[in-house]
Amino acid sequence: MKLDKIFQFLVPRDKKFYPMFCEASANLVNCSKEFRELLNCRDEEERTRLVKKVKKLEKEGDRITQAIFEQLNSTFITPFDREDVHKLANRIDNVVDLLNTCAKRIQLYRLMDIPPVFMEMGELVVKASDHINEMTLGLNDLHSIGRFRDNCIAISELENESDALNYSFLSEIFDNETNAISLIKKRDILNSLEKAMDRCEDVADVFQTIIVKHA
């Protein structure tokens, strides 16, 4: 057995970062599902409530991320590389931030008629968030973290699907949308949605790095 593997067995089970990462990924799942509900909502009053709920979850994500950073600054021994701890917390928070940006733009632009492609992309983010949550729950056992390679691959495939939807819809609105203001509104929201999916892939990339180092 390699020395680094022996060292992993000797290091006490993480009781600081693991609960906070689980909290962060659970918050991401909740945010993605509330955002999906927002995309499917047609009632203006209910939509306003959902936008506020997404914002509340975004603030909660900021709180959790800050707590992880503070713990990182005061801890000598971390469950995995300090740089990866920082990146993972930051990337998960980025996804929540972008979902909140999408929600705010939908409300600000008063976009009552949500294009079906937005709902499809929102569903992809929910699926990616579920994969992220599953991998995060596995951080308490780094010896078997390699079993999550398929989750990383699945997120990459979801991101590719999101890219295809993005390019297809952009082509469609530039060809068919006659209202320039409506085109800009839809493009802005679409851009934030695509970035949210990109950040999900960034999270998967961090997990890939952790897998390489510990599997």
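The values are calculated or read from the model by the stated rules, or taken from the named source; none is laboratory data. The model shown is predicted, which means the values in this text are computed figures rather than measured ones. Here the Cβ is made from the backbone with ideal geometry for all residues, glycine too, and neighbour counts use every protein chain on show.
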task = Give just the number: which of (1) within 30 Å of Lys213 (Cα to Cα); (2) of a type in the set (A, V, I, L, M); (3) without any contact (Cβ under 8 Å) to a residue 60 or more places away in the chain does Leu57 not satisfy?
result = (1)
request  = Quickly run through the range 171-200 and pick out the residues that are over 21 Å from Met112 (Cβ atoms) and under 27 Å from the mean Cα position of the chain (by Cα).
outcome  = Ser171, Glu194, Lys195, Ala196, Met197, Asp198, Arg199, Cys200
key: Filter result for the condition that a residue is more than 13 Å from the chain's Cα centre (by Cα), of a type in the set (Asp, Glu) and modelled with pLDDT of 95 or more, over Glu60, Glu46   = Glu60
note = Just one listed residue, out of Glu45, Glu120, is part of a helix (DSSP H, G or I) and loosely packed, with under 13 Cβ neighbours inside 10 Å, and it is Glu45
message = Checking the conditions here, which among Ile184, Ile155 is in a helix (DSSP H, G or I) and modelled with pLDDT under 95?
response = Ile184
Filter result (surrounded by 15 or more Cβ atoms within 10 Å (Cβ to Cβ), under 20 Å from Val125 (Cβ atoms) and free of Cβ contacts under 8 Å to residues at least 24 places away in the same chain) within the range 155-182 = Leu170
remark   = Pairing a residue in the range 183-205 that is over 30 Å from Arg147 (Cα atoms) and in contact (Cβ under 8 Å) with a residue 60 or more places away in the chain with any residue that is part of a helix (DSSP H, G or I) and small (Gly, Ala, Ser), where Cβ atoms lie under 8 Å and the two sit 6 or more apart in sequence or on different chains, gives none
ask   = Would the range 188-196 turn up any residue that is among the aliphatic types (A, V, I, L, M), assigned to a helix (DSSP H, G or I) and surrounded by fewer than 20 Cβ atoms within 10 Å (Cβ to Cβ)?
value = no
inquiry  = Only one of Asp113, Asp93, Asp97, Asp150 is among the acidic types (Asp, Glu) and touching a residue at least 60 places away in the same chain (Cβ under 8 Å). Can you tell me which?
reply    = Asp93
task = Quick one: count up the residues across the range 116-140 that are under 16 Å from Asn30 (Cα atoms) and either free of Cβ contacts under 8 Å to residues at least 12 places away in the same chain or among the small types (Gly, Ala, Ser) (or both).
result = 3
